[in-house]
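These notes concern the structure reproduced below.
The values are calculated or read from the model by the stated rules, or taken from the named source; none is laboratory data. Model, not experiment: these values are computed from the prediction. Cβ atoms come from the backbone with ideal geometry, glycine included; neighbour counts cover every protein chain shown.
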Amino acid sequence: MHEIKNPLEALGHLIYLSREEANDREHVLRYMQMAEEQILSLNDIAREALGLARTSHSPKPVDLVALAEAALRIHRRTIEAKQVHLVKDLSEEVIAQVHTVEILQVISNLIVNALEALPAQGVLFLRVRRRRNQIQFLIVDNGHGIEPNHAAQIFQPFFTAKGDRGTGLGLALSKKIIERHRGRISMRSSVRAGRSGTAFRISLPA
């Protein structure tokens with residue numbers, strides 16, 4: 001139950017988008033497909049111990065650029081409400097064998113963290129590209145940054161710098177998911193005035 005916040009928030013956004021675009025059947029069908037993915041994610045979280053065990057679904061070829069775009073659409077309402085300047089550097093198509101729901105959850109979680117850290121009219125940068133035998137994600141914000149004494153603990157379960165607003169499981173779960181995909185996730189952050197912000201980098205095998 002600790003990790004249900006993001007899928008529930010995503011479902012709320014998808015319901016809102018479906019209502020706003022109710023006359024566009026193609027868009028509504030796409031939002032409903034994305035909602036089904038979030039429900040599957042909730043089922044996995046409820047069934048597995050904090051969502052950390054391997055799911056039974058086999059990985060399949062997925063366009064990770066399309067998945068990143070889907071994650072951004074899920075949080076479009078928050079992006080628009082905060083007037084976030086979204087900068088995208090996305091390749092045309094990047095295919096990898098992944099568990100779709102799990103990777104969508106990771107990207108969504110990192111976007112949520114960035115949006116929570118950003119001030120109004122902040123900048124969110126998202127890059128997805130293939131380099132040789134690796135696929136790289138880069139998610140960067142110019143928010144308040146993470147204190148150096150917290151940086152070494154952010155991937156530890158139950159550690160949070162958000163007080164009552166955080167469970168301390170989002171990044172721990174994301175790290176477990178990426179490592180199960182034989183990938184790596186790392187973070188760099190600065191709290192310097194005028195140069196603050198955080199960058200998360202994910203590398204997955206192509």
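With the requirement that a residue be closer than 15 Å to Ile107 by Cβ and either modelled with pLDDT of 90 or more or out of contact with any Phe, Trp or Tyr (no Cβ under 8 Å at 6 or more places or on another chain) (or both), what does the stretch 157-175 give you?
Taking the stretch 157-175 first, the residues closer than 15 Å to Ile107 by Cβ are 170-171, 173-175.
Scanning the stretch 157-175 gives Gly170, Leu173, Ser174, Lys175.
For the stretch 72-103, the set of residues classified as modelled with pLDDT under 90 and among the small types (Gly, Ala, Ser) consists of Ser91 only.
The residues listed here are Glu147, Glu179, Glu102; of these, the one that is closer than 24 Å to Ile39 by Cα, of a type in the set (Asp, Glu) and in contact (Cβ under 8 Å) with a residue 24 or more places away in the chain is Glu102.
Going by the conditions given, is Leu90 in contact with a Lys or Arg (Cβ under 8 Å, 6 or more places away or on another chain) and either of a type in the set (S, T, N, Q) or surrounded by fewer than 22 Cβ atoms within 10 Å (Cβ to Cβ) (or both)? Let's see the steps before the verdict.
Working: in contact with a Lys or Arg (Cβ under 8 Å, 6 or more places away or on another chain): yes; either of a type in the set (S, T, N, Q) or surrounded by fewer than 22 Cβ atoms within 10 Å (Cβ to Cβ) (or both): yes.
For Leu90, the condition - in contact with a Lys or Arg (Cβ under 8 Å, 6 or more places away or on another chain) and either of a type in the set (S, T, N, Q) or surrounded by fewer than 22 Cβ atoms within 10 Å (Cβ to Cβ) (or both) - is met.
Evaluate the following for Pro148: is it within 20 Å of His75 (Cβ to Cβ) and either among the basic types (Lys, Arg) or exposed (fewer than 15 other Cβ atoms within 10 Å of the Cβ) (or both)? Break it down into steps so the answer makes sense when it comes.
Details: within 20 Å of His75 (Cβ to Cβ): no; either among the basic types (Lys, Arg) or exposed (fewer than 15 other Cβ atoms within 10 Å of the Cβ) (or both): yes.
Spelling it out, it is not the case that Pro148 is within 20 Å of His75 (Cβ to Cβ) and either among the basic types (Lys, Arg) or exposed (fewer than 15 other Cβ atoms within 10 Å of the Cβ) (or both).
How many of the residues making up the stretch 115-143 are under 19 Å from Gln83 (Cα atoms) and surrounded by 17 or more Cβ atoms within 10 Å (Cβ to Cβ)?
First, pick out the residues of the stretch 115-143 that are under 19 Å from Gln83 (Cα atoms): 115-126, 139-143.
Those left that are additionally surrounded by 17 or more Cβ atoms within 10 Å (Cβ to Cβ): 115, 117-118, 122, 124-126, 139-143.
Looking only at that region, the number is 12.
Which residue is surrounded by the fewest Cβ atoms within 10 Å (Cβ to Cβ), if the candidates are limited to the stretch 176-206 and must be under 29 Å from Ala96 (Cα atoms) and among the charged types (D, E, K, R)? Across the stretch 176-206, the extreme among qualifying residues is Arg182. The listed residues are Val128, Val123, Val112, Val84, and the only one of them that is out of contact with any strand residue (DSSP E or B) (no Cβ under 8 Å at 6 or more places or on another chain) and among the aliphatic types (A, V, I, L, M) turns out to be Val112.
Here Phe137 meets each of (1) more than 13 Å from Ala199 (Cβ to Cβ); (2) at pLDDT 90 or above with one exception, condition (1). Criterion applied to Arg192, Arg201 was being of a type outside the set (A, V, I, L, M) and assigned to a strand (DSSP E or B), and the one residue passing it is Arg201. Return a yes/no flag: does the stretch 41-57 have any residue that is modelled with pLDDT under 85, surrounded by 18 or more Cβ atoms within 10 Å (Cβ to Cβ) and not in a helix (DSSP H, G or I). So far as the stretch 41-57 goes, yes, one or more of its residues are modelled with pLDDT under 85, surrounded by 18 or more Cβ atoms within 10 Å (Cβ to Cβ) and not in a helix (DSSP H, G or I). Could you please let me know if Leu29 is closer than 11 Å to Ile74 by Cβ and either in contact with a Ser or Thr (Cβ under 8 Å, 6 or more places away or on another chain) or modelled with pLDDT of 80 or more (or both)? For Leu29, the condition - closer than 11 Å to Ile74 by Cβ and either in contact with a Ser or Thr (Cβ under 8 Å, 6 or more places away or on another chain) or modelled with pLDDT of 80 or more (or both) - is not met.
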